[in-house]
1. Pairs under 7 Å by beta carbon, first residue more than 12 Å from ALA92 (Cβ to Cβ) and touching a residue at least 24 places away in the same chain (Cβ under 8 Å) in the range 29-52, partner among the charged types (D, E, K, R) and loosely packed, with under 15 Cβ neighbours inside 10 Å, six or more apart or different chains?
2. Output the qualifying pairs, or none if there are none: Cβ atoms under 8 angstrom, residues six or more apart or on different chains, first residue in the range 75-101 and closer than 12 Å to PHE62 by Cβ, second residue among the small types (Gly, Ala, Ser) and surrounded by 11 or more Cβ atoms within 10 Å (Cβ to Cβ).
3. If you go through the range 58-77 one residue at a time, how many are surrounded by 10 or more Cβ atoms within 10 Å (Cβ to Cβ) and either touching a Phe, Trp or Tyr at 6+ places or on another chain (Cβ under 9 Å) or part of a loop (DSSP other than H, G, I, E, B) (or both)?
4. Restricting the search to the range 23-39, which residues are under 20 Å from ASP9 (Cβ atoms) and not in a loop (DSSP other than H, G, I, E, B)?
5. Looking only at the range 27-55, which residues are of a type in the set (A, V, I, L, M, F, W, C) and touching a helix residue (DSSP H, G or I) at 6+ places or on another chain (Cβ under 8 Å)?
Amino acid sequence: MLDKTITLDVTFLQKVTPVLREMGFADVKEFLKEQALLLLMAKISRYKAECDYFQSKYGMSFEDFARKVENAKEEDFAQEEDLLDWRFAREALVELDQRKREIESA
């Protein structure tokens, strides 16, 4: 989190504010909030697609796949790597969803 307030150059704001208003934004804060949400939604979409890919590839939920990999008698490095990638994507989704909710309520 930022420790101090960011200040923008007055001349910059004078140039940007009319453009933002023409685009339908009330002010710079509304614009920044909207852009941050769009960036987060793009990342959320990417990680959801990755989770969907693995679920389709293996035909099972993450939990079932994790049990399968952990209980396998022989190591399958490709599956272990997919498990790590799938786990990362799921954890990223939780974090990004939380950040999205925080910005939506800001």
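1. Every condition considered, the pairs that remain are LEU37/GLU104.
2. Once the first residue is closer than 12 Å to PHE62 by Cβ and sits in the range 75-101, its partners that are among the small types (Gly, Ala, Ser) and surrounded by 11 or more Cβ atoms within 10 Å (Cβ to Cβ) give LEU83/ALA66; ARG87/ALA66.
3. First pass over the range 58-77, keeping only residues surrounded by 10 or more Cβ atoms within 10 Å (Cβ to Cβ): 58, 60-62, 64-69, 72, 76.
Narrowing further to those that are either touching a Phe, Trp or Tyr at 6+ places or on another chain (Cβ under 9 Å) or part of a loop (DSSP other than H, G, I, E, B) (or both): 58, 60-62, 64-66, 68, 72, 76.
Of the residues in that region, 10 qualify.
4. Of everything in the range 23-39, those that are under 20 Å from ASP9 (Cβ atoms) and not in a loop (DSSP other than H, G, I, E, B) turn out to be VAL28, LYS29, GLU30, PHE31, LEU32, GLN35.
5. In the first step, residues of the range 27-55 are kept if they are of a type in the set (A, V, I, L, M, F, W, C); the result is 28, 31-32, 36-42, 44, 49, 51, 54.
VAL28, PHE31, ALA36, LEU37, LEU40, MET41, ILE44, CYS51, PHE54 - these are the residues of the range 27-55 that are of a type in the set (A, V, I, L, M, F, W, C) and touching a helix residue (DSSP H, G or I) at 6+ places or on another chain (Cβ under 8 Å).
Quick note: the coordinates plus some simple rules give every number you see, no bench work behind them. What you are looking at is a predicted structure, and each value in this text was computed from that prediction instead of being measured. Neighbour counts run over all protein chains shown; Cβ positions are idealised from the backbone, glycine included.
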